[in-house]
Amino acid sequence: MKEHILVTLAKRQFLNAERETVHLVDNPEINAFLNDIEQYPHAYVLACLMDRQIKAEKAWSIPFYIKEAVGSFTINALASNSLEFYQNLFMEKGFHRFNRDMAEVFFSGVLRIKEEYWSDASKIWADNPSSAAVVYRFLQFKGCGIKIATMATNILARQFKIPLSDYYSIDISPDVHVDRVLKRIGLVNTGASREAIVYKARELNPEFPGIIDFSCWEIGRQFCKPQKPLCDQCPIYSQCKRVPY
Ligand code: SF4
């Protein structure tokens, strides 16, 4: 089967791109903190765990605001507080839609990193593990489902350039851009479920299904806008059915 242009574009980006600052949130100070996975690998892990049913910007910012409240962001400092401390903090600051539950997810994540990874969350992805191993390790955190686990692994591989021994278990993360682009191109039908999109991406590039997050995101952001898509400038115009969306 001929390689789809979305895969070709994504591979080009993946192979050529150097590690750059990953855009996780708009606030530059918080973004720099989350990008510092050498000093604060646990900030990245804990931010991923917070990314549930609220705007991503708000969820990903929670570790930074906890650092400010605690005055330190070492795992030992975080683990020295109680669950009640975090529940009160989440409620008082209104960090999340589900403050009590997410405070528990946060605290349990801290304890897991302390106990299972000797306070060093980078051990989750150290030593060239398989993609399945990294996804599995994320899944072991309280509150982490397959969507978050594959998204977290995908960002580590694609954007932080963490070396893995394979990419088979990194599925696509169908956000609004991916959903819109795949449906307008006609690769999936307009009523396709999240699961259908995941399997279509597996079909397109089984050895790294999540790689097309790259191309879909870029095309969605630059050309395939929700209103008035810029089809005449789009690099995949010739292969797009331009299905009304
Ligand atoms: S050709 Fe138009 S509809 Fe198709 S992906 Fe590009 S911008 Fe979207």
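The values are calculated or read from the model by the stated rules, or taken from the named source; none is laboratory data. It should be emphasised that the depicted structure is a prediction, and the values quoted were computed from it without experimental measurement. Heads up, the Cβs are rebuilt from the backbone with ideal geometry, glycines too, and the neighbour counts pull from every protein chain shown.
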Residues in region 101-136 that are in a helix (DSSP H, G or I) and more than 22 Å from Asn76 (Cα to Cα): how many? 6
Considering only region 36-60, state which residues are crowded, with 19+ Cβ neighbours inside 10 Å, in contact with an Asp or Glu (Cβ under 9 Å, 6 or more places away or on another chain) and without any contact (Cβ under 8 Å) to a residue 60 or more places away in the chain. Ala43, Ala59, Trp60
Of Trp125, Trp118, the only residue that is farther than 25 Å from Ile54 by Cα, aromatic (Phe, Trp, Tyr) and in contact (Cβ under 8 Å) with a residue 24 or more places away in the chain is Trp125
Selection from region 191-236 of residues loosely packed, with under 14 Cβ neighbours inside 10 Å, within 12 Å of the ligand (Cβ to nearest atom) and in a helix (DSSP H, G or I) yields Arg221, Gln222, Cys231, Asp232, Gln233
Inspect all residues belonging to region 135-158 and state whether any of them is within 16 Å of the ligand (Cβ to nearest atom), within 14 Å of the chain's Cα centre (by Cα) and under 23 Å from Phe14 (Cβ atoms). no
Please name all residue pairs, on different chains or six or more residues apart, with Cβ atoms under 9 Å, provided the first residue is in region 179-204 and is closer than 18 Å to Lys241 by Cα and the second residue is among the hydroxyl-bearing types (Ser, Thr, Tyr) and surrounded by 18 or more Cβ atoms within 10 Å (Cβ to Cβ). Val181/Ser215
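Please pick out the residue among Asp179, Asp171 that is part of a loop (DSSP other than H, G, I, E, B), acidic (Asp, Glu) and closer than 30 Å to Phe98 by Cβ. Walk me through how you get there before you give the answer.
Values: Asp179 fails: part of a loop (DSSP other than H, G, I, E, B).
From the options Asp179, Asp171, the qualifying one is Asp171.
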In region 21-35, which residues are in contact (Cβ under 8 Å) with a residue 24 or more places away in the chain and either assigned to a loop (DSSP other than H, G, I, E, B) or touching a Cys at 6+ places or on another chain (Cβ under 9 Å) (or both)? Val22, Leu24, Val25, Asp26, Asn27
Options Pro244, Pro174; residue that is surrounded by 20 or more Cβ atoms within 10 Å (Cβ to Cβ) and either more than 17 Å from Lys11 (Cβ to Cβ) or modelled with pLDDT of 95 or more (or both): Pro174
